[in-house]
1. Assuming A:GLN35 fulfils every condition listed in (1) touching a Pro at 6+ places or on another chain (Cβ under 6 Å); (2) closer than 28 Å to B:VAL71 by Cα; (3) not aromatic (Phe, Trp, Tyr) apart from one, which condition is it?
2. Could you check, for region B:79-91, whether at least one of its residues is under 12 Å from the mean Cα position of the chain (by Cα), under 30 Å from A:VAL82 (Cα atoms), crowded, with 18+ Cβ neighbours inside 10 Å and at the interface with chain A (Cβ under 7 Å from one of its Cβ atoms)?
3. Tell me which of these A:ALA15 doesn't satisfy, since it passes every other one: (1) surrounded by fewer than 17 Cβ atoms within 10 Å (Cβ to Cβ); (2) modelled with pLDDT of 90 or more.
4. Within region A:56-90, how many residues are facing chain B (nearest Cβ under 10 Å), within 23 Å of B:VAL85 (Cβ to Cβ) and assigned to a strand (DSSP E or B)?
5. Could you say which residue among A:VAL82, A:VAL62 is crowded, with 16+ Cβ neighbours inside 10 Å and touching a Cys at 6+ places or on another chain (Cβ under 8 Å)?
6. Any residue at all in region A:94-102 that's facing chain B (nearest Cβ under 9 Å) and over 23 Å from B:VAL61 (Cα atoms)?
7. So, of the residues in region A:35-52 that are in contact (Cβ under 8 Å) with a residue 40 or more places away in the chain and either facing chain B (nearest Cβ under 10 Å) or not in a loop (DSSP other than H, G, I, E, B) (or both), which turns out to be most open to solvent (accessible area, probe 1.4 Å)?
8. What about A:ARG36, is it farther than 30 Å from A:ILE108 by Cβ and of a type in the set (D, E, K, R)?
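The values are calculated or read from the model by the stated rules, or taken from the named source; none is laboratory data. Computed from a predicted structure; not experimentally measured. FYI the Cβ positions are ideal-geometry reconstructions off the backbone, even for glycines, and counts take in every protein chain you see. Areas reflect the complete protein model, heavy atoms only, side chains present, ligands, DNA and RNA absent. Shrake-Rupley method; radii C 1.70, N 1.55, O 1.52, S 1.80 Å.
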Amino acid sequence: MASGVKPRVKVPKKAAAGEAITIKTLISHKMESGQRKDKEGNLIPRSIINRFTCEFNGQSVVDVKMESAISTNPYFQFEATVPEAGDFVFTWYDDDGSVYDTKKSVAIG
Amino acid sequence: MDFSRRDTLGLALGAAALTVLPFRVSASSDAAIEEFTGGAAVGEGGITLTAPEIAENGNTVPIEVSAPGAVSIMVLAAGNPTPGVATFNFGPLAASQAAATRIRLAGTQDVMALAKMADGSFVKASSTVKVTIGGCGG
């Protein structure tokens with residue numbers, strides 16, 4: 001497991017039913033591309049997050065397949081519809097099999 | 001100016017390398033496009049790719065793609081060692097078929113976005129980004 005991985009997500013706490021809200025996500029990860037070389041000239045093996053998903057009450061909002069050309073500390077911004085009160089679940093899948101997730105609740109009001 | 005046998009050979013090799021290299025790069029991105037579209041024709045319009053004209057640092061280039069009515073959007077950087085960047089698959093709760101992220105670019109090149117629409121058609125857009133410092137190590 002890569003060290004110091006910390007997901008950060010920005011979601012409004014309240015939304016009107018059916019409203020489109022903007023979500024911003026960031027996760028600290030070195031996203032080693034597999035192209036760089038160390039001091040001895042050996043290739044540093046690839047270690048990236050290869051998939052990111054966002055779901056609201058079990059329904060998919062976005063599912064992103066990521067390649068090594070995504071920058072260090074992957075950032076995503078997108079819009080989601082909130083039909084009712086519930087929870088957003090954000091999940092990141094690492095190359096090494098680790099899964100990082102975080103949850104945010106949205107109230108209707 | 002006289003060319004020796006060695007000079008001539010060197011020139012010929014250099015020229016051959018120059019013609020082969022760009023072809024190899026575009027071939028790998030063509031393969032990625034082929035895999036995404038399944039060989040279907042790709043149209044224009046209906047998709048927007050926003051990228052800076054000049055990126056000082058190829059390690060983090062902010063880009064934004066938007067294609068109303070798309071099922072999925074694939075972003076490609078043909079000039080990178082591996083052309084694939086990301087594929088966004090939008091679910092039923094996506095309020096707009098748009099996303100923004102930050103990508104790595106190895107050098108000045110065209111960034112391309114391909115969208116698969118709900119009716120099964122494909123559209124693309126591309127944008128040239130000048131990169132001052134490449135972002136793929138080395």
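1. Here A:GLN35 meets the rest and fails (2).
2. Among the residues of region B:79-91, at least one is under 12 Å from the mean Cα position of the chain (by Cα), under 30 Å from A:VAL82 (Cα atoms), crowded, with 18+ Cβ neighbours inside 10 Å and at the interface with chain A (Cβ under 7 Å from one of its Cβ atoms), which makes the answer yes.
3. (1)
4. Selection size over region A:56-90: 14.
5. So the residue among A:VAL82, A:VAL62 that is crowded, with 16+ Cβ neighbours inside 10 Å and touching a Cys at 6+ places or on another chain (Cβ under 8 Å) is A:VAL62.
6. Filtering region A:94-102 for residues facing chain B (nearest Cβ under 9 Å) gives none.
No, region A:94-102 contains no residue that is facing chain B (nearest Cβ under 9 Å) and over 23 Å from B:VAL61 (Cα atoms).
7. Just the residues of region A:35-52 that are in contact (Cβ under 8 Å) with a residue 40 or more places away in the chain, to begin with: A:46-52.
Next cut, either facing chain B (nearest Cβ under 10 Å) or not in a loop (DSSP other than H, G, I, E, B) (or both) only: A:46-47, A:49-52.
Working: A:ARG46: 111, A:SER47: 24, A:ILE49: 0, A:ASN50: 48, A:ARG51: 88, A:PHE52: 0 Å².
Residue satisfying both the conditions and the ranking: A:ARG46.
8. Numbers: farther than 30 Å from A:ILE108 by Cβ: yes; of a type in the set (D, E, K, R): yes.
Considered against the rule, which asks whether it is farther than 30 Å from A:ILE108 by Cβ and of a type in the set (D, E, K, R), A:ARG36 comes out as yes.
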